[in-house]
Amino acid sequence: MFLKIYHSAFILPILFTSISSQKCECDDKRIVLFRSTDNRLIFTPEYPRYYCGNLDCLWIIESFKNFSQFHFFASNIDLREGKDFLYFYEGHKKKDIKKNDDLPPTHSCTGKGQCQYYSSSEKLIIRFKSAPGYPSHYGFQGRISIYQPGFINMIRESIVFIGATILVILMFAIIILTILFVTRKNSETNKPNSKKSLLSEDVKNNDN
């Protein structure tokens, strides 16, 4: 009996420490997307449970195709405002990011709400960094996918073209309506004059 109690008292703290350490640690992960339809979920450790303070997690996002670019989207992040951040880096190496906390990110998200980012290159590093303390927040779960910038630009250009076409059509319609209005008004003012001239001619003919 004594051995069982001793065994439980010895094992339980080890298990608790192991679980706690898994929750409060995160390994750097490399994610490779092979096809345009590929996507991956990334999230804070133990999501949707509360995350720990002093976390520093990295996700290195790459594509099998060198010309691909990435889209990150999280619909509802839950971080401590101004303390815990999602950082997005382009053009920097992992070791430089880890060594230099003052390295400016391309984009960042904190607080609550939506977080979204479109990369401009084929390599993206996402970093989650939490300040010391005991956050009572859930963290984030976001989806990383490949997007085609050419297609998006085509849509944007199409929208601009359609808008410009509608504007030109409206301008022509206004011009045509203005011309019709002026023409009609002139014709209405000319009708009494023509009637007067006809009457005067009739009077002259009667006099003769």
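The values are calculated or read from the model by the stated rules, or taken from the named source; none is laboratory data. Keep in mind the model is a prediction, meaning the values are calculated, not measured. So basically every Cβ, Gly included, is an ideal-geometry build from the backbone, and we count neighbours across all protein chains shown.
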- Might you check whether a residue that is loosely packed, with under 15 Cβ neighbours inside 10 Å, at pLDDT below 90 and in a helix (DSSP H, G or I) occurs anywhere in region 99-106? yes
- Would you be able to say whether some residue in region 107-120 is at pLDDT below 90, charged (D, E, K, R) and in the same structural domain as Val32 (by TED's automatic domain parsing)? no
- Item | Residues being hydrophobic (A, V, I, L, M, F, W, C) and not in a strand (DSSP E or B) - total across region 78-98 | 2
- Working only within region 65-78, note down all residues that are over 15 Å from the mean Cα position of the chain (by Cα) and at pLDDT below 95. Lys65, Asn66, Phe67, Ser68
- Item | Options Tyr138, Tyr147: the member that is modelled with pLDDT of 75 or more, of a type outside the set (Gly, Ala, Ser), surrounded by 10 or more Cβ atoms within 10 Å (Cβ to Cβ) and touching a Pro at 6+ places or on another chain (Cβ under 6 Å) | Tyr138
- When you scan region 25-37, how many residues do you find that are modelled with pLDDT of 90 or more and assigned to a loop (DSSP other than H, G, I, E, B)? 1
- Answer residue from region 44-64, given it is touching a strand residue (DSSP E or B) at 6+ places or on another chain (Cβ under 7 Å) and surrounded by fewer than 19 Cβ atoms within 10 Å (Cβ to Cβ) and is modelled with the lowest pLDDT among those: Phe64
- Kindly provide the set of residues from region 65-78 that are crowded, with 16+ Cβ neighbours inside 10 Å and of a type in the set (Ser, Thr, Tyr), ordered by number. Ser68
- Query: For Arg40, are the conditions met, namely being under 17 Å from Phe140 (Cβ atoms) and in contact with a strand residue (DSSP E or B) (Cβ under 8 Å, 6 or more places away or on another chain)?
  - Reply: yes
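Using the structure shown, decide if Glu81 is touching a residue at least 60 places away in the same chain (Cβ under 8 Å), within 20 Å of the chain's Cα centre (by Cα) and surrounded by fewer than 20 Cβ atoms within 10 Å (Cβ to Cβ).
Answer is no for this residue.
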- Going through region 59-77 one residue at a time, which ones are in a loop (DSSP other than H, G, I, E, B) and either within 13 Å of Ser145 (Cβ to Cβ) or of a type in the set (S, T, N, Q) (or both)? Asn66, Ser68
